[in-house]
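Visitor: Once you've had a glance at the structure underneath, I'll fire off some questions.
The values are calculated or read from the model by the stated rules, or taken from the named source; none is laboratory data. Just so you know, these numbers come straight off a predicted model, no measurement behind them. Because the Cβ atoms are built from the backbone with ideal geometry, glycine has one as well, and the counts that use them run over all protein chains shown.
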Amino acid sequence: MAMDDASWAWGSLLPSPVVLFAIVCLVSVGLLYQVYLFALPKPIPGIPYNLHASKRLMGDIPDVRRSKHMRQWVWSQPRAHRAPLSQVFVLPFRRPTVIVTDYDAVVDILARRSREFDRGQRIREIVGLIAPEFHFTMETKEEGFKAHKELVRDLMTPKFLNEVSSPRVYDAFAALVHLWHEKSTKAMGQPFCASHDLYMTTLDSICSVAFGLDESKRSLTREIDHIRSLPMPPTDPSQASPVISAAVPMEFSRPQPDPEIEALLDIPEMLSISQKSGFPWIAQRLALLRPKHARAMRNRQSLIDTQTENSLKRLFAGGEKEMQCALDWMLWREMCKAKKEERTPNFHSPVIRDETFGFLLGGHDTSATVLSWWAKYMAEHPHVQARLRAELRNGHSVAMMEGRWPTMGEIISTHIPYLEAVVQETLRCASIVTLISRTTTQDAQVLGYHIPKDTNILLSLTGPGLTEPSLNVPATPDLGMKTSQTNSPPAWDNADINLFRPERWLKTDEEKGEEVFDSRAGPILAFSTGPRGCFGRRLGEMQLKTAVTLLIWNFEFGSTGPLGGMEIKEKFVNMPRDCYVRLKQT
Ligand code: HEM
């Protein structure tokens, strides 16, 4: 009986199944709510943010997606917050990212505060599987960074640029002139798509500098042969006239590309995939499940293996005297280092492989995109084009008299201020890189705002003050800058800041009484700045100067009418949505 009483007592304490279920549900909901609260953005105190975004898991992402272009949304933030610095929430569980749009603060961070603001995790995640050992992904203070830089240190020296890069760059763009001669003859006044040609030319140029590829491997050689093999369109005016119009592009078929060279075009595509994803590593892994990307990865490996063997043959045959390209120079550096350290050289190391891919990536997509914008600006601004052609003919008067193109030596040694102004203005207006990232290595003060250690920072290289009217944001009492702003170039005039106007880069040298190029006429950050600014700037500028000279020397760029819009496509860099040219041979 006593037992029965006890079990009754216990039984009466146990909840019924319904109550039990309710308790489990309540606890689960409580736990989920805690996870939800944990996942919600945690604003950094004192830094402006969008209140509504702080109350949802995806933070600011829905607003960014709704805006036509990410960069427009970024540029709208300082105006929305009336502050040059704000924070955005990009993913659940992640710490906020701080965006800095003030030109002086950006320069201060990049040029003078690189210890407090280093490369950070985001770039490593984006470049991820493509070239994990490329120094672009590394922090400056990281062990090994110096060794990577040592490996590539010859590649931007005047000797390498003049002896190795310049003839190869010239050959590539000379081939483009030949291709466009063929195409413009066959297009008979109709526009045709230029972006693919520009991408293949810069790829040829950078591959040639990287590997010393011979003509047979060049994409443009195939393209020229292919276009030559196409029949001429009908010459009977009655048949041709209906289709000759600036609004109707001439479609040219393309030859089959070399699979190894095509594999290099996949690098920026993979980067764009990971850049757009909140989880870049997973996005790249998934992309590699697609045969196209997997094949490209395999072909890239086979390209680097073959080229390494070719380079080693040259090095073993003739040593330093036989060196012809960037890979030769890197292998030579490795050979010298191994000798010094009394070890066997590792010619097939991932470091050499990834520095080579990095060199190709840095020197391809960027220059091709800038040139695509330039071709559009030329068509839109015939007076700029006419003056540029006149200045080039005047500057290269011997070439003009002899009825030939300027040589590479002449292009390098002749100083033509208007050419420099056009290239600089193209870089400013094209603004192909909107934001670059850094991470705080310690607590930091920016424009009087406190940013905790390990915060991702996005620095604006374009937008207000650079390519858009500057903002009238209230001054902050303690700017927290390392130096005063007296070094800054004068601000652009808001009235014409968004116009393509190369003249803004010219001034009169009172002493000489002539017009000179003024690189400090106003703010520009196309190559970024500071110790981690663009490594390939000199090569990039050489590519642009050479291309612009040869193309303007040989062609007039006509208006492409409705095909000439300035719409952008945000990929790894900001490209024009399309790029057509309508050429008349000069
Ligand atoms: C018009 C052409 C080019 C433009 C507009 C451009 C722009 C840039 C920008 C904005 C950065 C980011 C810098 C930073 O994070 O502060 C960068 C980095 C870099 N660029 Fe360029 N670039 C161009 C051409 C080239 C060329 C031709 C090469 C090499 C062949 C190159 C190699 C690199 C490398 C290696 C970095 C990483 C530097 C580092 O992390 O220390 N770039 N470039």
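Visitor: Go through the residues of region 380-393 one by one and say whether even a single one is surrounded by 18 or more Cβ atoms within 10 Å (Cβ to Cβ) and more than 21 Å from D518 (Cα to Cα).
Guide: Yes, some residue in region 380-393 is surrounded by 18 or more Cβ atoms within 10 Å (Cβ to Cβ) and more than 21 Å from D518 (Cα to Cα).
Visitor: What about H415, is it away from the ligand (no atom under 16 Å from the Cβ) and part of a strand (DSSP E or B)?
Guide: For H415, the condition - away from the ligand (no atom under 16 Å from the Cβ) and part of a strand (DSSP E or B) - is not met.
Visitor: Restricting to region 43-93, name every residue that is within 21 Å of V446 (Cα to Cα) and charged (D, E, K, R).
Guide: R79, R82
Residue by residue, here is whether (1) more than 14 Å from the ligand (Cβ to nearest atom); (2) within 20 Å of P452 (Cα to Cα); (3) of a type outside the set (V, I, T) holds:
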site: S76; (1), (2), (3): yes, no, yes
site: P84; (1), (2), (3): yes, yes, yes
site: Q87; (1), (2), (3): yes, yes, yes
site: I99; (1), (2), (3): yes, yes, no
site: S114; (1), (2), (3): no, yes, yes
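Visitor: Can you tell me how many residues in region 418-441 are over 15 Å from the mean Cα position of the chain (by Cα) and assigned to a helix (DSSP H, G or I)?
Guide: 8
Visitor: State whether the residues of region 288-295 include one that is within 16 Å of F357 (Cβ to Cβ) and either crowded, with 16+ Cβ neighbours inside 10 Å or among the hydrophobic types (A, V, I, L, M, F, W, C) (or both).
Guide: Looking for residues that are within 16 Å of F357 (Cβ to Cβ) and either crowded, with 16+ Cβ neighbours inside 10 Å or among the hydrophobic types (A, V, I, L, M, F, W, C) (or both), one finds at least one in region 288-295, hence yes.
Visitor: Output the number of residues of region 76-90 satisfying the condition of being within 23 Å of the chain's Cα centre (by Cα), assigned to a helix (DSSP H, G or I) and crowded, with 22+ Cβ neighbours inside 10 Å.
Guide: 1
Visitor: Then there is this: What is the one condition in (1) touching an Asp or Glu at 6+ places or on another chain (Cβ under 7 Å); (2) surrounded by fewer than 20 Cβ atoms within 10 Å (Cβ to Cβ); (3) in contact (Cβ under 8 Å) with a residue 24 or more places away in the chain that W73 does not satisfy?
Guide: So the condition that W73 fails would be (3).
Visitor: Any idea which residue in region 468-486 is modelled with the highest pLDDT, counting only those that are within 21 Å of R520 (Cα to Cα) and more than 27 Å from the chain's Cα centre (by Cα)?
Guide: Only one residue tops the list, namely M481.
Visitor: While we're here: The conditions are (1) modelled with pLDDT of 85 or more; (2) over 30 Å from S216 (Cβ atoms); (3) among the aliphatic types (A, V, I, L, M), and A247 fails exactly one of them. Which is it?
Guide: Failed condition: (1).
Visitor: Only residues that are farther than 14 Å from N162 by Cβ, surrounded by fewer than 21 Cβ atoms within 10 Å (Cβ to Cβ), touching a helix residue (DSSP H, G or I) at 6+ places or on another chain (Cβ under 7 Å) and not polar (S, T, N, Q): list them for region 397-415, please.
Guide: Those that are farther than 14 Å from N162 by Cβ, surrounded by fewer than 21 Cβ atoms within 10 Å (Cβ to Cβ), touching a helix residue (DSSP H, G or I) at 6+ places or on another chain (Cβ under 7 Å) and not polar (S, T, N, Q): A399, M400, W405.
Visitor: Just checking, how many residues over region 137-167 are within 15 Å of the ligand (Cβ to nearest atom), assigned to a helix (DSSP H, G or I) and free of Cβ contacts under 8 Å to residues at least 60 places away in the same chain?
Guide: 4
Visitor: Now a separate question. In region 374-389, how many are away from the ligand (no atom under 16 Å from the Cβ) and either assigned to a helix (DSSP H, G or I) or among the basic types (K, R) (or both)?
Guide: So the answer is 11.
Visitor: Check Y170, Y103 and return the single one that is within 16 Å of the ligand (Cβ to nearest atom), at pLDDT 90 or above and touching a Pro at 6+ places or on another chain (Cβ under 9 Å).
Guide: The unique qualifying residue is Y103.
Visitor: Within region 132-189, work out how many residues are of a type in the set (D, E, K, R), more than 21 Å from the chain's Cα centre (by Cα), farther than 24 Å from R538 by Cβ and surrounded by fewer than 21 Cβ atoms within 10 Å (Cβ to Cβ).
Guide: 5
Quick grid of which residues meet (1) in contact (Cβ under 8 Å) with a residue 60 or more places away in the chain; (2) of a type in the set (V, I, T); (3) within 24 Å of R387 (Cα to Cα); (4) assigned to a loop (DSSP other than H, G, I, E, B):
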{"residue": "G533", "(1), (2), (3), (4)": "yes, no, no, yes"}
{"residue": "L539", "(1), (2), (3), (4)": "yes, no, no, no"}
{"residue": "M542", "(1), (2), (3), (4)": "yes, no, yes, no"}
{"residue": "V581", "(1), (2), (3), (4)": "yes, yes, yes, no"}
{"residue": "K584", "(1), (2), (3), (4)": "yes, no, yes, no"}
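Visitor: Condition first: surrounded by fewer than 13 Cβ atoms within 10 Å (Cβ to Cβ), touching a Gly at 6+ places or on another chain (Cβ under 9 Å) and within 21 Å of I273 (Cα to Cα). Now tell me which residues in region 560-586 satisfy that.
Guide: R577
Visitor: Listed residues L360, L392, L371; which is more than 10 Å from the ligand (Cβ to nearest atom) and aliphatic (A, V, I, L, M)?
Guide: Criteria check complete, one pass: L392.
Visitor: Quick check on region 442-451: of everything there that is surrounded by fewer than 19 Cβ atoms within 10 Å (Cβ to Cβ) and assigned to a loop (DSSP other than H, G, I, E, B), which residue is nearest to the ligand (Cβ to nearest atom)?
Guide: Of everything passing the filter in region 442-451, Q442 is nearest to the ligand (Cβ to nearest atom).
Visitor: Please go through region 503-545 and pick out each residue that is of a type in the set (S, T, N, Q), touching a strand residue (DSSP E or B) at 6+ places or on another chain (Cβ under 9 Å) and within 15 Å of the ligand (Cβ to nearest atom).
Guide: S528
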